[in-house]
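Working notes, structure below.
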Amino acid sequence: MPEPSRSKPPLVAADLDRLALRYVERFATTRARLAAYLTRKLRERGWAGEGMPDPMAVAERMAARGYVDDRSFAEARVRSMGRRGLGARRVEMALRHDGIDADDSADLAEAIEADAFRSALVFARRRRFGPFAVSLSDRDLRKKQVAAFLRAGHPPEIVHRILQMMPGEELDDLPEVGHS
């Protein structure tokens with residue numbers, strides 16, 4: 001006969017702090033993501049503490065102690081997504097999804113825009129588009145390539161500039177592109 005499942009007891013205030021500490025020691029996160037995690041845990045296990053729980057207050061305490069830093073998280077996220085060849089729209093959408101406030105993302109917008117062409121070239125190299133292609137693409141393939149660039153968040157003017165390049169064309173006058 002199978003053993004009956006033992007559900008975990010409802011949470012109290014000390015449990016929320018313990019869960020939050022465990023989460024921030026394992027993952028780089030933002031206040032909004034930490035609060036969402038704690039809210040999910042409350043929904044799963046319930047609440048047995050006094051008053052109503054406030055996951056955002058716990059997240060703010062973690063930020064005040066220096067365990068959570070939205071700005072550092074956003075900077076790391078921007079660098080990481082840029083290395084993967086993702087465009088400004090996609091990066092901004094990810095920052096918004098991660099709960100980065102408008103002030104921090106606006107400060108990073110300049111860095112994102114300055115790196116736009118380079119990240120598009122990284123994307124083209126990864127996908128073997130434009131100057132990194134083996135052969136010239138036909139009309140249908142080119143439409144698919146444009147769509148892939150746009151889904152990755154790159155602006156159309158950069159997309160068309162890269163896709164107009166011939167396969168094997170030298171990139172001497174273009175910014176440096178690292179290997180991915």
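The values are calculated or read from the model by the stated rules, or taken from the named source; none is laboratory data. Treat the numbers as computed from the prediction; the structure is a model and nothing was measured. Glycine also receives a Cβ, built like all others from the backbone with ideal geometry; neighbour counts cover every protein chain displayed. Ligands, DNA and RNA are stripped out before the accessible areas are found, and what is left, the full protein with its side chains, is counted by its heavy atoms. Shrake-Rupley method; radii C 1.70, N 1.55, O 1.52, S 1.80 Å.
At-a-glance table
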| item | result |
| --- | --- |
| Value of relative contact order over the range 118-170, rounded to a whole percent, pairs C-alpha under 8 Å and six or more apart | 52 percent |
| DSSP loop GluC sites (Glu not before Pro) with at most 15 other Cβ within 10 Å excluded, longest remaining stretch of the chain | 51-168 |
| Accessible-area composition of the range 44-180, carbon plus sulfur, in percent [1.4 Å probe] | 49 percent |
| Dipole in debye (nearest 20) - the range 40-110, about Cα centre, beta carbon charges: Lys, Arg +1; Asp, Glu -1 | 540 debye |
| Overall form of the range 38-104 per C-alpha gyration tensor (a/c, 1.5; a/b vs b/c) | prolate |
| Residues whose placed amide H lies under 5 Å from that of TRP47, excluding near-sequence neighbours | LEU11 |
| Residues of the range 37-180: accessible area per residue with a 1.4 Å probe, Å² | 61 Å² |
| Nearest-20 debye value, the chain charge dipole, Cβ charges on Lys, Arg, Asp, Glu | 980 debye |
| Partner lysines for LYS41 [C-alpha distance under 27 Å; skip if fewer than 8 residues away on the same chain] | LYS8 |
| Charge dipole (the range 42-147, unit charges on Cβ, about Cα centre) - positive-most of ALA124, MET62, GLY82 | ALA124 |
| Integer Hz, Karplus 6.51/-1.76/1.60 couplings in order for the range 101-117, x for Gly and Pro | 6, 4, 5, 5, 6, 5, 5, 7, 4, 4, 5, 5, 5, 5, 9, 4, 5 |
